[in-house]
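Working notes, beginning with the structure itself.
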Amino acid sequence: MKKTLLLITCIFAFSVFAKAQTKPGPAEQKLLDSLCVELEKIDLSKITTKQEATDAFMNSFLTKSDMMIEVAAEKGVDVTDQEAMHKVGLGIGINLMKAKCAPFIKLATLMAGKQLDRSNEVQSTVGTFKRIDTKGFNYIVIAEKGSEVSFLWLKKFPDSEKFMGKTALLAGKKIVVTWKEVEAYLPLAKGYYKVKEITGVQFL
């Protein structure tokens, strides 16, 4: 069964190019809804390669393997028939695309070997406030999962005035930083680099 699921996963990347698929039955629709919810749990900001995307999808899909068996039964397909299961898997991929399941679309893009364009995509990171660094520009530094992450403070954002004075009292407070990746010229580094520009900060 695992080999069959792995083969099914491999052909999901090609579902982007498919143009037709029959309307899903009750069992398949249940799988589509459940799988999309499961995929929404993935932190897509950490997925950057084809292998990572494939692994992430595989892990989510394996949690729904019992539902896949129900879909095969609904379609009258023997789960040991790999060619038939390939077609079932392709159909699920197409219907996930038709349903506009956002996390699947992003994973499918990467599984097809294409890099995600994260420009102008607002993302968020949760951590504890550490300090303000000044390196030509101001950076808000937070601790996240044992490491420090810096965010460029380039423009005014809601409550930005809280970081303009002494920030010692803010140390250790948990915050959510919303940001987008931009390319900026960094004077001290004398070059253009991709940085995380702050769009907002919220205290928890």
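The values are calculated or read from the model by the stated rules, or taken from the named source; none is laboratory data. From a predicted model like this one, the values you see are computed outputs, not experimental measurements. Cβ: placed from backbone, ideal geometry, glycine included. Neighbour counts: every protein chain shown. Surface areas here come from the heavy atoms of the whole protein model, side chains and all, with no ligands, DNA or RNA. Shrake-Rupley method; radii C 1.70, N 1.55, O 1.52, S 1.80 Å.
Please indicate, with yes or no, whether at least one residue in the stretch 61-76 is in contact with a Pro (Cβ under 7 Å, 6 or more places away or on another chain) and at pLDDT 80 or above.
Taking every residue of the stretch 61-76 in turn, none turns out to be in contact with a Pro (Cβ under 7 Å, 6 or more places away or on another chain) and at pLDDT 80 or above.
Got a number for residues in the stretch 163-192 being open to solvent by 100 Å² or more (accessible area, probe 1.4 Å) and assigned to a helix (DSSP H, G or I)?
1
What pairs come up if the first residue lies in the stretch 84-104 and is outside the structural domain of V37 (by the TED database), the second is open to solvent by 10 Å² or more (accessible area, probe 1.4 Å) and in a helix (DSSP H, G or I), and their beta carbons are under 6 Å apart, counting only those six or more places apart or on different chains?
Cβ pairs passing all conditions: none.
For a quick check of your reading of the model, give me the residue pairs whose first member lies in the stretch 49-60 and is over 12 Å from P103 (Cα atoms), whose second is small (G, A, S) and assigned to a helix (DSSP H, G or I), with beta-carbon atoms closer than 9 Å and at least 6 apart or on different chains.
Here the result reads K50/A13; T54/A13, each pair linking the stretch 49-60 to a residue that is small (G, A, S) and assigned to a helix (DSSP H, G or I).
So which residues in the stretch 157-182 are more than 27 Å from the chain's Cα centre (by Cα) and either among the acidic types (D, E) or at pLDDT 85 or above (or both)?
Matches in the stretch 157-182: D159, S160, E161, K162, F163, M164, L170, A171, G172.
Filter the stretch 148-162 down to the residues that are assigned to a strand (DSSP E or B) and open to solvent by 60 Å² or more (accessible area, probe 1.4 Å) and list them by number.
Answer for the stretch 148-162, where residues must be assigned to a strand (DSSP E or B) and open to solvent by 60 Å² or more (accessible area, probe 1.4 Å): just E148.
Quick one: count up the residues across the stretch 7-50 that are open to solvent by 90 Å² or more (accessible area, probe 1.4 Å), modelled with pLDDT under 60 and in a helix (DSSP H, G or I).
2
What residue, among those in the stretch 51-72 that are farther than 18 Å from D33 by Cβ and open to solvent by 20 Å² or more (accessible area, probe 1.4 Å), is nearest to the chain's Cα centre (by Cα)?
E52
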